[in-house]
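See below for the structure under consideration.
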Amino acid sequence: MEVQRIKVSAVSYINTLPFLYGINKSEIKNQLDLSLDIPSECAKKLLSGEVDIGLVPVAILPQLKEYHIVSDYCIGAVGNVDSVALYSNVPLDEIESVYLDYQSRSSVNLVKVLAKEYWHISPLWIDTSEGYENKIEGNIAGVIIGDRTFNLSKEYKYKYDLSGEWMKYSGLPFVFACWVSNIQLPKLFIEEFNEALSFGINNIESVINNYSGTTVSKEDLNVYLTKSISYILDDKKQLAIKCFLGSIKTLDFAE
């Protein structure tokens with residue numbers, strides 16, 4: 001009889017490559033039914049119970065009836081992350097409207113927190129669908145996340161790195177996504193899953209050597225994975241999650 005697999009949704013962005021490398025090099029892969037999705041879809045699948053584990057935006061944690069952070073690793077940043085930003089052709093105080101990335105949840109909430117608490121601006125927030133990036137012009141800015149941001153800096157006059165701005169505001173790193181289950185999983189499985197992720201994080205050089213994509217050069221990928229992204233879910237990042245969720249709750253911005 002076939003053993004029921006644990007259903008997992010992981011983010012399809014480049015910053016997840018070390019996690020996927022570790023999983024694929026581990027026997028744990030034989031226990032998983034793995035799908036790759038944009039962050040908002042990871043969130044949707046975990047919230048609906050379609051999957052058991054998701055690498056999900058931290059903004060959805062209060063919406064889960066039950067949740068367990070099942071790993072010592074996350075998608076985080078200490079200062080600038082480079083791949084999550086508000087792009088604009090005018091400075092902050094001239095922005096009238098902001099397109100919100102449909103692929104995002106945490107970043108959408110983060111830009112709203114920063115706008116009210118740090119930048120002190122009150123733009124019109126606009127939900128989006130595919131292709132909205134081409135509408136950023138004049139006094140209309142846009143939040144763009146993930147692999148689409150590579151090489152975008154030349155397209156717009158201003159780039160406000162949301163993780164960097166959060167650190168200026170709070171003095172804390174930022175956690176965009178962490179590994180979360182919506183059910184209690186066996187302790188042995190969690191240990192093996194965490195070991196697989198650890199293997200990937202500790203072998204980023206091999207991850208880069210195996211990269212065959214064209215989104216970024218291997219040199220830029222090395223900088224991004226080793227300098228921009230911070231994978232360890234340490235005490236400061238745990239505190240940052242609490243602070244961020246508290247800000248969302250206070251401002252009633254949770255989505």
Across the range 1-39, what is the number of residues that are more than 24 Å from T214 (Cα to Cα) and polar (S, T, N, Q)?
4
Could you please find all residues in the range 70-119 being surrounded by 18 or more Cβ atoms within 10 Å (Cβ to Cβ), assigned to a helix (DSSP H, G or I) and more than 14 Å from the chain's Cα centre (by Cα)?
L92, K112, V113, L114, A115, W119
Filter result for the condition that a residue is over 20 Å from I144 (Cβ atoms) and assigned by TED's automatic domain parsing to the domain that holds I241, over V58, V51:
V51
Just to check your reading of the model, which residue among L239, L245, L197 is hydrophobic (A, V, I, L, M, F, W, C), surrounded by fewer than 16 Cβ atoms within 10 Å (Cβ to Cβ) and under 19 Å from the mean Cα position of the chain (by Cα)?
L239
Which pairs turn up if I take residues in the range 147-166 that are in contact (Cβ under 8 Å) with a residue 60 or more places away in the chain and closer than 23 Å to T16 by Cβ and look for partners that are of a type in the set (D, E, K, R) and surrounded by fewer than 20 Cβ atoms within 10 Å (Cβ to Cβ) with beta carbon separation below 8 Å, at least 6 apart in sequence or on another chain?
F150/D220; L152/K159
Looking at V223, V207, can you tell me which residue is at pLDDT 95 or above, β-branched (V, I, T), surrounded by fewer than 16 Cβ atoms within 10 Å (Cβ to Cβ) and outside the structural domain of L152 (by TED's automatic domain parsing)?
V223
S104 vs. criteria more than 27 Å from K44 (Cα to Cα), touching a helix residue (DSSP H, G or I) at 6+ places or on another chain (Cβ under 8 Å) and not hydrophobic (A, V, I, L, M, F, W, C):
no
Are any residues in the range 137-152 at positive phi and either surrounded by 14 or more Cβ atoms within 10 Å (Cβ to Cβ) or polar (S, T, N, Q) (or both), and if so, which ones?
G146, N151
Given (1) over 14 Å from Q103 (Cα atoms); (2) charged (D, E, K, R); (3) in a helix (DSSP H, G or I), identify the lone condition not met by K45.
(1)
Among the residues of the range 153-182, count how many are within 21 Å of N15 (Cβ to Cβ), of a type outside the set (V, I, T) and either surrounded by 16 or more Cβ atoms within 10 Å (Cβ to Cβ) or assigned by TED's automatic domain parsing to the domain that holds I232 (or both).
17
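The values are calculated or read from the model by the stated rules, or taken from the named source; none is laboratory data. As the structure is a computational prediction, the values presented were derived from the model and not from experiment. With ideal geometry, Cβ positions are generated from the backbone for all residues, glycine too; neighbour counts draw on all protein chains shown.
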